[in-house]
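In what follows, a structure is listed as C-alpha cells, so that the remarks can point back to it.
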Amino acid sequence: MDFSTVALLPRPMDGSKLTAHFSRYLGTRMSTCTLVTLAMLALFSVQGRPVYGQSASPQDSGTLQGSVRDPCGQLLASAIVYLQAQGGSQPVIAQTDSAGTYRFPSLRRGMYVLRAKLAGYSDATSGSFVIGENETKSIILALKPLKAETTSSPATATEFFDEPSFTVAGVTDTTNLGGHGSDTIVRTKEALAKDTVSLGKGLQARSSKASSVNQSEIVLQEAAAHEPGNFDVNHKLGKLLVEEGKPREALPYLERASKLNPSSYANAYQLTLAYVGSADYQRARALVQALLTTQLREARGNAELHHLLGNIEGKLGNPVEAVREYQLAAELLMHRAAQPAIEVFTKGNRLFPHSIRMLLGLGSAWYAHGSYDQAVQHFCEASDLNPADSTPYLFMSRLQTTETIPSDTLVEKLEQFVRLQPETAQANYSYALILWKRRKGPEDSGTSAQVESLLQKAVHLDPELAVGYLQLGVLYSERKDFRKAILSYQKTVEADPRLEEAHYRMGQVYKLTGENLKARQQLEIFDQLSRKRAGEVERERREIQQFVYKLRDPTPSAQPQQ
C-alpha cells in the first residue's frame, strides 16, 4: 500500500507538543581500575586480527575523534570509550588521554554508536550516526557526575537476610502487607496519577530526558544531512523527534522516508503520530484508514490502529469542555487532591459516559482516596467499553502490586487481557504475576509451571522487560534452582541496572551458594540505589506545589449537572 499520497498533503502551521517517551536506564557503574583493566584486555585481545568497523587499509576509511567532558566543559581523562558498529559483535575500545580526547582511525563506512563511561559519572551514549568514506567526524560526550553517597559504617551496612521493605516484581513480601500509607501504596498512587496525566496528553509519551539538547538527535540530523536518501536515517530521526515532543519538526523526515519506502507500516504509523501531534487530525485519520485497509487485506491484527483512530475521532468530535474537565482532574490528582479529583472526574464521566480516559481517571482518583474496590470497578468499566484496548488492563496491573490477595474480578480481567492479546509482553507478565500471588504456595507446582511459561513468553516478546526476568528469578529462587535464579537476576540488571530489588535478591542467592564477595558487592549496590531512590522520591514530593482550589459547585458533585 502506498501511503505517500496521504502523507505529503499540505499541513497546517499550528501544532501541539508531544511528551517524549521515557528512555532506558543507564548501565551499572564500575570502578576506574576495573574499567581500565577491561579496556587493556580488550585492546590486547584484538591486536593481530581484523576488527569489525575498522579497516586494515587506510584508503577510503573514516576517522572518529572527539572528547569526553563534564557538564561544565571540563575535559575528563581515563574515560573508557566504546565504538560499536551496527551489526558488529564486539565494540572497539579506546581511553581518553590526559587532555580528555579519544580517536578511532581507519573506520569502515557504516553506522555506529558511541558510549563513554567513567567511575563516578553516569554513562553517556551518542545514539546512531554514520561515518562516510574519508570522513572525519567529531563527537563530544558529556558525563554527568553521580551524587556523592555517604559511606556506611560496618554497623549500618546491609546485613545478609535483613529483609528490606519493598515489593518484588509486583509480589508483596509477607513483611510488607501494604495498607494506605505504606511506601508500596504511595508508589502505586503516584504511578497511577502519572499514568492518568499521560492519558490527558492523548497519544503523547513521557520522557525522562531533562536535557533540551539530545545527542542522538544531533548525530541523526548530521546523518540525514549527509545521506538524505537513506530511509533508515530519516525514519529514525523522525521517530526520535516524535518521541521528544517535536512532531512538526519530525514531519519533513517522516514524509521523506515515506517517499523512499511508501510501503513501510512503521514509518506510516509514526507519521500519523506526527500529524496528531501537529493537530492535523484530518490527514492523520486518512492515513490510519489507509493503514487499516492494508492491514485488513494482509489479515494482520489492527487493534492499535483502531485505538489510534478512536483517539483521532475523539479529537475531531469531542467538545473542548471534555479536554478541560480531564486536564483539571488530572492536575488535581497529581497534586494529591484526591477528593476534588473524584468530583471532577465524576462530572466528566457523567458528561462523557463513553470516555475510557474519564473512567480510568476516576478509578485512579478513588485509589488515591483509599478505595481499592472502587478503583477496580471503574477500571473494569473502562475495559468493557473497548475490550481490545490494552490501556485499562495496564492500569489494572498496577493494582496487583499492592494487594496481598487480588480480587476475583481483577484475575478475570487480566486473564481476558492475555486471551485477547496473547502476543503482548505486558499481558503475559501481568497475568503471570496475579497467578503467582493467588497460588497456594511452593507446593503448587501446576500454577508455578504456568507462571514460568507466561513469564518466559513475556521476556521473549520483550527482551528488555526487566521485571519479567526479575520475577523469573524469584520463581527459580523458590525452587532452589540458584543457577537459573542468578542468570535471571543478571538479565534483570542488564535491562534495568537501577532496579534495586534485583541486586538484593541476587546478593541473597550468592550468599546461599557461598559466593560471599559477590553477595556483598550486590548488597552494596542495593544500599546505594535505595538511598538514591529515597532521595529522589523525597525531592519529588517536596517539589509538588501546594495550592488553594475552589471547585465544588453549590450542588453536590455526586450528581453533576449536564
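The values are calculated or read from the model by the stated rules, or taken from the named source; none is laboratory data. This is a predicted model, so every value here is computed, not measured. Here the Cβ positions follow ideal geometry from the backbone for every residue, glycine too, while neighbour counts run over all protein chains shown.
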Members of the range 482-498 found to be touching a residue at least 40 places away in the same chain (Cβ under 8 Å) and either among the hydroxyl-bearing types (Ser, Thr, Tyr) or outside any helix (DSSP H, G or I) (or both), listed by number: ASP496, PRO497, ARG498
When you scan the range 204-217, do you find a residue that is farther than 23 Å from ALA142 by Cα, buried (at least 18 other Cβ atoms within 10 Å of the Cβ) and modelled with pLDDT under 80, even just one? yes
Within the range 315-374, how many residues turn out to be within 25 Å of GLN282 (Cα to Cα) and modelled with pLDDT under 70? 13
Sort out which residues of the range 423-466 are in contact with a helix residue (DSSP H, G or I) (Cβ under 6 Å, 6 or more places away or on another chain), β-branched (Val, Ile, Thr) and not in a helix (DSSP H, G or I), and write them in order of number. none
Looking only at the range 216-231, and only at residues there that are without any contact (Cβ under 8 Å) to a residue 40 or more places away in the chain and assigned to a helix (DSSP H, G or I), the one that is nearest to the chain's Cα centre (by Cα): ILE218
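Here is a yes/no grid of residues against (1) part of a strand (DSSP E or B); (2) more than 31 Å from the chain's Cα centre (by Cα); (3) outside the structural domain of GLN65 (by TED's automatic domain parsing); (4) of a type outside the set (S, T, N, Q):
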{"residue": "TYR102", "(1), (2), (3), (4)": "yes, yes, no, yes"}
{"residue": "PRO105", "(1), (2), (3), (4)": "yes, yes, no, yes"}
{"residue": "LEU114", "(1), (2), (3), (4)": "yes, no, no, yes"}
{"residue": "ALA119", "(1), (2), (3), (4)": "no, no, no, yes"}
{"residue": "THR125", "(1), (2), (3), (4)": "yes, no, no, no"}
{"residue": "VAL130", "(1), (2), (3), (4)": "yes, no, no, yes"}
{"residue": "ASN134", "(1), (2), (3), (4)": "no, yes, no, no"}
Is there a residue in the range 393-408 that is in contact with a strand residue (DSSP E or B) (Cβ under 9 Å, 6 or more places away or on another chain), at pLDDT below 85, farther than 21 Å from ALA458 by Cβ and surrounded by fewer than 17 Cβ atoms within 10 Å (Cβ to Cβ)? yes
Selection count, the range 507-521, where residues are closer than 17 Å to LYS484 by Cβ and in a loop (DSSP other than H, G, I, E, B): 2
Within the range 241-278, take every residue that is part of a loop (DSSP other than H, G, I, E, B) and touching a helix residue (DSSP H, G or I) at 6+ places or on another chain (Cβ under 8 Å) and give me the one that is surrounded by the most Cβ atoms within 10 Å (Cβ to Cβ). SER278
